[in-house]
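Trainee: Mind having a look at this structure? Questions to follow.
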Amino acid sequence: MSYRLYAIENTTIEPLEQTFHPHLLINLSSIPPIDTNTETTCSQILEISLPDALFLDRDELSDHFAGQSLITYWDLVPSVINIERPVRFHSGDYAKENENEEEGLKLMMELQSCSHGIKLDIPMHGRYLMPRDLGKEEIELFGETGPGHIRGAWVCSEDRPVIDLDLPEIYTSPKSLTLLLPTGHPSHQPLVAIVTAISIWLGFFYLVYKIFRLTRRLKRQKVD
């Protein structure tokens, strides 16, 4: 299959919410390139890579992208995501045992052109981070120092554009984003441990009490 790549220009990014469930807004120019071959069709192919501190929920994206005709294809890599685990800390035994795991995830998308700009609203979620004294941590996205990237291009082909391509990086405005994700407080950890233990024991004794009462009731019914 032959195809041609053209740069995507005039792209802006911004965070919609500074919470544990932030949104990423990407504004794309939808002006297709002028391709000399009249038999080709051009689509925008995007690859959005996120750091491990953030993840996407496949089921949520399915509902979120439903009915958006401009999105003709999307997929997550890896396809199975553990949404419950904390962020990976690359040190000690865990790093040795999991050195072959993916670093973050990628969202692959194919977008059609239209007469106006395309706005992508991508819901994200923060993983559980190490406790910080301020109760929050800055996560820098994209840019020269931040993890993750946005790659993409106009792909013009006689057939359906290929998703698995070596795409160039998109130059966005601004070049990077900073998200503030909430964390726990180190001073709260002893209290949380105590309250958790008390709650577990109270729940255990409550179940024992209910079982004891149920047993006595059944015995009375047999006697009657």
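Trainee: Is it the case that E110 is surrounded by fewer than 18 Cβ atoms within 10 Å (Cβ to Cβ) and assigned to a strand (DSSP E or B)?
Mentor: For E110, the condition - surrounded by fewer than 18 Cβ atoms within 10 Å (Cβ to Cβ) and assigned to a strand (DSSP E or B) - is not met.
Trainee: Do we find a residue being of a type in the set (D, E, K, R) and within 30 Å of P33 (Cα to Cα) anywhere in the range 199-213?
Mentor: Let us first name the residues in the range 199-213 that are of a type in the set (D, E, K, R), namely 210, 213.
Checking the rest, the ones that are also within 30 Å of P33 (Cα to Cα) come to none.
Scanning the range 199-213 turns up no residue that is of a type in the set (D, E, K, R) and within 30 Å of P33 (Cα to Cα).
Trainee: Applying the selection to the range 85-118, what residues are at pLDDT 85 or above and basic (K, R)?
Mentor: If the condition is that a residue be at pLDDT 85 or above and basic (K, R), then K106 is the only one that fits.
Trainee: Please work out which residue is surrounded by the most Cβ atoms within 10 Å (Cβ to Cβ), limiting yourself to the range 116-150 and to residues that are farther than 24 Å from W74 by Cα, out of contact with any His (no Cβ under 9 Å at 6 or more places or on another chain) and among the aliphatic types (A, V, I, L, M).
Mentor: I139
Trainee: To continue, here is another question. Does the range 26-39 contain at least one residue that is part of a strand (DSSP E or B), modelled with pLDDT under 90, touching a strand residue (DSSP E or B) at 6+ places or on another chain (Cβ under 6 Å) and charged (D, E, K, R)?
Mentor: Among the residues of the range 26-39, not one is part of a strand (DSSP E or B), modelled with pLDDT under 90, touching a strand residue (DSSP E or B) at 6+ places or on another chain (Cβ under 6 Å) and charged (D, E, K, R), which makes the answer no.
Trainee: Can you confirm whether P174 is within 21 Å of the chain's Cα centre (by Cα) and surrounded by fewer than 12 Cβ atoms within 10 Å (Cβ to Cβ)?
Mentor: yes
Yes or no, residue by residue, for (1) in contact with a Phe, Trp or Tyr (Cβ under 9 Å, 6 or more places away or on another chain); (2) aliphatic (A, V, I, L, M); (3) not assigned by TED's automatic domain parsing to the domain that holds I150:
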position	(1), (2), (3)
L177	yes, yes, no
V192	no, yes, yes
W201	no, no, yes
Y206	no, no, yes
K210	no, no, yes
R216	no, no, yes
K219	no, no, yes
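The values are calculated or read from the model by the stated rules, or taken from the named source; none is laboratory data. All of these numbers come straight from a predicted model, not from anything done at the bench. In this analysis, Cβ positions are derived from the backbone assuming ideal geometry, glycine residues included, and neighbour counts consider all displayed protein chains.
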